[in-house]
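Written below as structure tokens is the structure these notes are about.
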Amino acid sequence: MKTPLLEARDVYREYLLGKTVVKALRGVDVVIHKGDFVFIVGPSGSGKSTLMHILGALDHPTKGSVLLDGKNLARLSDWQLSMVRRNRVGFVFQGFNLVHSLNAKENVMLPLQTSDIDKVTLEARAIKLLMEVGLKHRINHRPNELSGGERQRVATARALINEPEIILADEPTGELDSKTGAEIMGLMRTINKEKGTTFVIVTHDTEYITEKDKVFRIRDGKIIR
Amino acid sequence: MALVIGVVAIITMVSVSDGIRNSMVEAISGMNGIIVWEKDALDLPFSCLPMSYEKKLEAIPGVKVVFPEVYGLVNTIEGEKPKGGSMTMGMAVLAGFDPVKEQQRVGSIYGVEVEKGRNLQPGDKYVAVIGHQLADEYDKRVGSIMKVNGKRFKVIGILEESQYAGSAVVVPIDIARELAGLDSDTVNSFTVQTYNPSDQEGVSKIIEARLDDVDAMSTQAMLKDLEEVMVIFDWAFILLSSISLLIAGIGIINTMLMSVMDRQKEIGVLKAVGWSSEDVLKLVLYESALIGVFGGLLGCIAGGLVVIGIENVVEFGLTLSWTTILGAFAFAVFAGLVGGVYPAWKISRIDPIQAIRME
């Protein structure tokens, strides 16, 4: 049997909101294989973003375990988790989260700015990615000079700069009109097909899901099938 | 701003301190002998000793030559109070030396050579050797006539550039007594030179033992005293520098804290995409060191201009050295780095998820 690339086993996540204990995840099991195009869908507050953060080594479960290539992320140090995020995972955040003082190319280079890769190679890689996502003419533009769709393309290129095995995208079409949203989703499917990159997309919007996709429906912190 | 002010303060303080030290060392080193003056007198012009002490001093073993000296303030030059110009500041010092004895002096008068013309010679009367500042201010050359305290003097020599003797008027001792209102049996002080300079300490003690009403101090003892005073200066400087460092450091902590708190979301994104806490720490420290570099550069330029400005106005002998400038610059970079440590540590520990969710 094929070893899962990423696996969540009986994951619980609780946190304090003032004096109230919020149970965001209540025993979630998820298995993701290399090359999968995965959707985590559910209404607002269902725990899907929390699950994405835990799968991407940004957060840790209160109980249960997350395995990347069979290795438990709980055993890694803060620095090792940073290296997992730098080398193996790419994030596309809700609201793009680009740095406004940097142009498109510099934003794309950001994840590897502190790596050993020399600046010339990194710049060339960022420009190539921006061309691949259709932003050849926007390389030196700052986020405030770009449309919503263009910003999301920059965010996608940034997630690809480290040539990750998995891209985790939180509501990537949430702030886009339907046409632009479809374009972005199409771009992600092309990357998945051509590069074999695994995609985990968190959304409450089910219109982009196809029959071939793996879907986890989440409600009140639990996976429902 | 606090950093720039701190650097300016350090450069100015060190330049003043170095200037005082150099000027005093120049003056004392040039004396080359033992100064003997009336016990507990405030300063040489206030001291009064009988000429008969000259023989008593000469009789002390080890003494080679004794120079009687008269000092006073010049009341008028060219019929008016000395000019309050940038160099002399309205002060001119009268010094009377014995032209005959001057032929035996080892070294020059107070370490300052006669640059133009000649020194006093036996038989000289109403002649003067003047400091370079007075010569510049009154436009005097060798051969010029200069009226000092109502008397006409022929300028026979001009002293080389010196902080200490720039405003001196050196005349024959008899004439100096006449100008200072001293009778012919009185002097202000004696300079005693020994055969062997290393005997100065011992001879000073013998002088004070034999003559009850005098103080005697050798050049070496004066330099030692000066060093003790300068140590106090140095400690005051260290204290003020530390206060400057503290204020500059607090200023940088405040600036950097505001800067990183404004960028919490941005830094959260950096951590989310793979920057480690150490990377963030280095970034903020780099930024604060950069503040130190720019603050230091601005402070060094401003401090240099302040020192040059003060020196142009009062010619106080401020000494601006590369060591001072580099030291002040290093201080600024250090303050920048130290000031950045807490903000860097604080922001490097930020939870990326909470930071990203911030509006």
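The values are calculated or read from the model by the stated rules, or taken from the named source; none is laboratory data. This one's a predicted model, so the numbers in the text were calculated from it and none came from an experiment. Every residue, glycine as well, gets a Cβ built from its backbone with ideal geometry; the counts of neighbours run over all protein chains shown. Side chains are part of the model used for accessible areas, which takes the heavy atoms of the whole protein and leaves out ligands, DNA and RNA. Shrake-Rupley method; radii C 1.70, N 1.55, O 1.52, S 1.80 Å.
The table for this structure:
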{"item": "Filter result for the condition that a residue is within 30 Å of A:G221 (Cβ to Cβ) and more than 14 Å from chain B (Cβ to nearest Cβ), over A:N103, A:N72", "result": "A:N72"}
{"item": "Selection status of A:P172, closer than 26 Å to A:S44 by Cβ, assigned to a loop (DSSP other than H, G, I, E, B) and within 18 Å of the chain's Cα centre (by Cα)", "result": "yes"}
{"item": "Any hit, the range B:188-204, residues being exposed (fewer than 14 other Cβ atoms within 10 Å of the Cβ), out of contact with any helix residue (DSSP H, G or I) (no Cβ under 7 Å at 6 or more places or on another chain) and among the acidic types (D, E)", "result": "no"}
{"item": "Those residues of the range A:158-176 which are of a type in the set (G, A, S) and either modelled with pLDDT of 90 or more or touching a Lys or Arg at 6+ places or on another chain (Cβ under 9 Å) (or both), in sequence order", "result": "A:A169"}
{"item": "Selected residue (only one of A:T203, A:T198, A:T173 is more than 12 Å from every other protein chain (Cβ to nearest Cβ), touching a Leu at 6+ places or on another chain (Cβ under 8 Å) and open to solvent by less than 20 Å² (accessible area, probe 1.4 Å))", "result": "A:T198"}
{"item": "Among (1) open to solvent by 80 Å² or more (accessible area, probe 1.4 Å); (2) in a helix (DSSP H, G or I); (3) modelled with pLDDT under 80, the one test that B:K56 misses", "result": "(3)"}
{"item": "Given (1) open to solvent by less than 10 Å² (accessible area, probe 1.4 Å); (2) assigned to a helix (DSSP H, G or I); (3) farther than 30 Å from B:E54 by Cα, index of the condition B:G274 fails", "result": "(2)"}
{"item": "Answer from B:I243, B:I238, B:I253 - the residue that is over 25 Å from B:K39 (Cβ atoms) and either within 14 Å of chain A (Cβ to nearest Cβ) or in contact (Cβ under 8 Å) with a residue 24 or more places away in the chain (or both)", "result": "B:I253"}
{"item": "Qualifying residues in the range A:52-69 (those that are within 14 Å of chain B (Cβ to nearest Cβ) and farther than 16 Å from A:K222 by Cα) - the one surrounded by the fewest Cβ atoms within 10 Å (Cβ to Cβ)", "result": "A:H60"}
{"item": "Subset of the range B:224-254 (residues that are of a type in the set (S, T, N, Q) and either open to solvent by 70 Å² or more (accessible area, probe 1.4 Å) or touching a helix residue (DSSP H, G or I) at 6+ places or on another chain (Cβ under 7 Å) (or both))", "result": "B:S241, B:S244, B:N254"}
{"item": "Qualifying positions in the range A:24-48 - open to solvent by 20 Å² or more (accessible area, probe 1.4 Å), under 28 Å from A:E194 (Cα atoms) and out of contact with any helix residue (DSSP H, G or I) (no Cβ under 9 Å at 6 or more places or on another chain)", "result": "A:V31, A:H33, A:K34"}
{"item": "Top-ranked residue in the range A:75-84 [being facing chain B (nearest Cβ under 8 Å) and open to solvent by 40 Å² or more (accessible area, probe 1.4 Å); ranked as nearest to B:W275 (Cα to Cα)]", "result": "A:W79"}
{"item": "Some residue of the range B:89-101 being in the same structural domain as B:F190 (by TED's automatic domain parsing), open to solvent by less than 20 Å² (accessible area, probe 1.4 Å) and modelled with pLDDT under 85", "result": "yes"}
{"item": "All positions within the range B:39-53 that are buried (at least 19 other Cβ atoms within 10 Å of the Cβ) and over 13 Å from B:V66 (Cβ atoms)", "result": "B:S47"}
{"item": "Tally, over the range A:85-97, of residues that are farther than 11 Å from A:I161 by Cα, at the interface with chain B (Cβ under 9 Å from one of its Cβ atoms) and open to solvent by less than 20 Å² (accessible area, probe 1.4 Å)", "result": "3"}
{"item": "Identity of the residue in the range B:337-359, of a type in the set (A, V, I, L, M, F, W, C) and open to solvent by 60 Å² or more (accessible area, probe 1.4 Å), that ends up farthest from the other protein chains (Cβ to nearest Cβ)", "result": "B:V338"}
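Residues are listed down the side, and each one gets a yes or a no for (1) more than 14 Å from every other protein chain (Cβ to nearest Cβ); (2) in contact (Cβ under 8 Å) with a residue 12 or more places away in the chain; (3) more than 30 Å from the chain's Cα centre (by Cα); (4) open to solvent by 30 Å² or more (accessible area, probe 1.4 Å):
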| site | (1), (2), (3), (4) |
| --- | --- |
| B:S259 | no, yes, yes, yes |
| B:G268 | no, yes, yes, no |
| B:E287 | no, yes, yes, yes |
| B:G296 | yes, yes, no, no |
| B:V306 | yes, yes, no, yes |
| B:A332 | yes, yes, no, no |
| B:A335 | yes, yes, no, no |
